[in-house]
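I have placed the structure first, in the form of structure tokens, so that the comments after it can refer back to it.
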Amino acid sequence: NGNAALVADFNEKLNAVQCETNVVICSPSTLFHHFAGDSFSIGAQNVSHLDNGAHTGELSLEMIKDAGCRYAIVGHSERREEHQESNELVALKAKKCVEAG
């Protein structure tokens, strides 16, 4: 959820804070390019278990990494409930993420 104005507010506030921990923002993919800062990292809210290719609407690991993301959420309860993601599918996604570094 959110928009460019919310991201601008996040950027301003997060870049003003010196954290002793790693902060990761997992935004909708349409907002990745609006985030900028050294005090936090960007992550994806979902990742495909499929490689790059003609998979309409899916975001492959390569696409996510190219967009500057270093993290991805897999196994989120909303994906499991609303998209019927099984343990097997979540395991495939997690394995791909680990293999990709």
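Stokes-Einstein at 20 °C, 1.002 mPa s, Kirkwood radius from Cα pairs: D for the stretch 1-50 in µm² s⁻¹? In µm²/s, the coefficient is 185. I'd like the orientation of helix 87-100 relative to the chain: the angle between its Cα long axis and the longest Cα principal axis, in ° from 0 to 90, rounded to 10. Long axis of 87-100 versus the principal axis of the chain: about 60 degrees. Taking amide H positions as modeled 1.01 Å from N, with prolines and chain starts lacking one, the residues under 5 Å from Glu85 and 5 or more places away or on another chain are Arg80. Dipole magnitude for the chain: about 120 debye, using +1 per Lys or Arg Cβ and -1 per Asp or Glu Cβ, origin at the Cα centre.
Relative to the longest principal axis of the Cα atoms of the chain, the long axis of helix 4-16 makes an angle of roughly 60 degrees. Computed across the chain, the Kirkwood hydrodynamic radius from all distinct Cα-Cα pairs reaches 14.6 Å. Along the chain, the exposed loop sites are GluC sites (Glu not before Pro) outside DSSP states H, G, I, E and B with at most 15 other Cβ atoms within 10 Å, and the longest stretch free of them is 59-101.
The numbers here are math on the coordinates, done by the rules we state, and not lab data. Worth saying up front: this structure is predicted, and the values here are computed from it rather than measured. Every residue, glycine among them, receives a Cβ derived from its backbone with ideal geometry; neighbour counts consider all protein chains shown.
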